[in-house]
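Chemist: I'd like to ask you about the structure that follows.
The values are calculated or read from the model by the stated rules, or taken from the named source; none is laboratory data. Everything quoted here is computed from the prediction, not taken from an experiment. Note: ideal-geometry Cβ built from the backbone for every residue, glycine included; neighbour counts use all protein chains shown. Areas reflect the complete protein model, heavy atoms only, side chains present, ligands, DNA and RNA absent. Shrake-Rupley method; radii C 1.70, N 1.55, O 1.52, S 1.80 Å.
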Amino acid sequence: MGKNTFVIEIAGITASRSIYIKKPEIQNGFWSIPKGGTTKEATYGEKVKFTVGTKDIDDGTVLNFTLYDYDGNYNPDDELSRSFSATVQGDTAELEFIPDSKWEESAKYETDKVVETYFIVETEVKGKKVSAQLPKKEEDYLKIFRKKQLFLLYYVTGNDHGDEMFAEAAQTRLQNIKNTNGFNDLYHKVHCIPIQDISEIITITQTYLNKYGGSLMAYCKEIGIWSHSGYNDGPFGSKPTTPSNCPKDTLHMDMCGWEKISFNWYTDSKLVIYGCNSGRDDSLFANRLSLLPNFKNIEVWGQSDSSYPSKFPDYRRTSLARTIDENISIGGFEIGYTYMVAGNYGEGKKSQTLNLLDDFPKANPMNCYKNGIKVRSTHQGYFNDHRKVEQFKLN
């Protein structure tokens, strides 16, 4: 509010009077999340709030907001939306909205694929237009990302046999994910992680979530475990589990350990156990896992029988070098793709013939459970097949 002072002299008497003149202003603004705390980052689908300070603008005045994506000093900025408005109360206006994933189209040609947003805020006070570009500083613009989707692929090392198969099968899954239609390494984060103690999954999973921004910015899309596995106790490592994470000093991790893992799952997520018998109907390990609170609405996959190496996910086809399971320099696991598939005892010789693919033994199905119910029984080519990566889709 501006101040003007006038001096008046009447009949030898001098007096001064001050008149205060309103100067309506839209001042600065800042971003925050509704749960509390300022921010400069947001994700699609998660609510964010923009708070504007005003001066000399009456309560009840409507401010109109037009959202832009900043494209740099040499390109015109893209208008994203002009559908927002908020009402001034006590020299403040607050606008809540949910970033729309359609806005990502604006940044598809940018290197970082990140939308950086600001508002043009406008209103009219007694016939006079008042406006401001907020926030005022470029470094305070809101950057809108996709949440990071984590694909954490754990394989056990230090065994007297099986190490190469576990490592190469995890690498095959990594390559299949990276070759899937829609993969973008800006927000699809895939890691192959060697472990020996199964309970390492508890701490390592949290480490990766923290690395990519915590629970607000990252979630687990897929967890894979390549290891030996027991009928009733599931995957086991080459070293005993850490006692603080699981009370039993065994190679397996008790359910009390599995229920400690904070995966921060999102929709359509899954955990896949590739080791022997991990999803048998009569052992129910994968089924029991799917009943834990931290696996609610998550697909838990396990093998219906013993696991063997194969070059395909739906047939059991291998080589003598792989069957011997030694570090053979020619014809071993370094050649071709590697899958762990369930098969029948005594079919190893059939899996090594030079017949056509259809003449090899078919892989026994993996079983998939959700909330204690078996929802499907099929081979892992349902989601993991190097021949079909273009048919799959990552969002």
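Chemist: Out of the residues in the range 263-277 meeting the condition of being over 17 Å from the mean Cα position of the chain (by Cα) and assigned to a loop (DSSP other than H, G, I, E, B), tell me which one is surrounded by the most Cβ atoms within 10 Å (Cβ to Cβ).
Modeler: Selected residue: Tyr274.
Chemist: Run Glu46 past the list (1) in a loop (DSSP other than H, G, I, E, B); (2) closer than 23 Å to Glu122 by Cα and report the number of the one that doesn't hold.
Modeler: (2)
Chemist: May I ask you to say which residue of Leu251, Leu209, Leu216, Leu174 is surrounded by fewer than 22 Cβ atoms within 10 Å (Cβ to Cβ), without any contact (Cβ under 8 Å) to a residue 40 or more places away in the chain and in contact with a strand residue (DSSP E or B) (Cβ under 8 Å, 6 or more places away or on another chain)? Walk me through it before giving the result.
Modeler: Values: Leu251 fails: without any contact (Cβ under 8 Å) to a residue 40 or more places away in the chain; Leu209 fails: without any contact (Cβ under 8 Å) to a residue 40 or more places away in the chain; Leu216 fails: without any contact (Cβ under 8 Å) to a residue 40 or more places away in the chain.
Step by step, each of Leu251, Leu209, Leu216, Leu174 is checked, and only Leu174 is surrounded by fewer than 22 Cβ atoms within 10 Å (Cβ to Cβ), without any contact (Cβ under 8 Å) to a residue 40 or more places away in the chain and in contact with a strand residue (DSSP E or B) (Cβ under 8 Å, 6 or more places away or on another chain).
Chemist: So how many residues does the range 221-247 have that are surrounded by fewer than 20 Cβ atoms within 10 Å (Cβ to Cβ) and among the charged types (D, E, K, R)?
Modeler: Within the range 221-247, residues that are surrounded by fewer than 20 Cβ atoms within 10 Å (Cβ to Cβ) and among the charged types (D, E, K, R) number 2.
Chemist: Got a sec? Which strands (runs of 3 or more DSSP E) wholly within the range 58-164 have at least 2 residues that are closer than 30 Å to Phe383 by Cα?
Modeler: On the way: elements: 62-69, 78-87, 92-97, 115-125, 128-134, 142-145, 148-156.
Of the strands (runs of 3 or more DSSP E) lying wholly inside the range 58-164, those with at least 2 residues that are closer than 30 Å to Phe383 by Cα span 142-145, 148-156.
Chemist: Please specify each residue of the range 334-364 satisfying the condition of being assigned to a loop (DSSP other than H, G, I, E, B) and open to solvent by less than 50 Å² (accessible area, probe 1.4 Å). Quick ask: steps written out before the conclusion?
Modeler: We begin by selecting, within the range 334-364, every residue assigned to a loop (DSSP other than H, G, I, E, B); these are 334-338, 343-349, 353-356, 360-361, 363.
Result: Thr338, Gly343, Glu347, Gly348, Thr353, Phe360, Pro361, Ala363.
Chemist: Could you list all residues from the range 278-306 that are open to solvent by less than 10 Å² (accessible area, probe 1.4 Å) and either within 24 Å of Glu164 (Cα to Cα) or part of a strand (DSSP E or B) (or both)?
Modeler: Listed by number, the residues that qualify are Ser278, Gly279, Val300, Trp301, Gly302, Gln303.
Chemist: Scan the range 19-43 for residues that are within 30 Å of Lys102 (Cβ to Cβ), in a strand (DSSP E or B), open to solvent by 20 Å² or more (accessible area, probe 1.4 Å) and among the polar types (S, T, N, Q) and jot them down. Before you say what the answer is, go through the steps one by one.
Modeler: Going through the range 19-43, the residues within 30 Å of Lys102 (Cβ to Cβ) turn out to be 26, 28-43.
From what's left, in a strand (DSSP E or B): 26, 28-32, 38, 41-43.
From the residues that got through so far, the ones that are open to solvent by 20 Å² or more (accessible area, probe 1.4 Å) too are 28, 30, 38, 41.
Those that are within 30 Å of Lys102 (Cβ to Cβ), in a strand (DSSP E or B), open to solvent by 20 Å² or more (accessible area, probe 1.4 Å) and among the polar types (S, T, N, Q): Asn28, Thr38.
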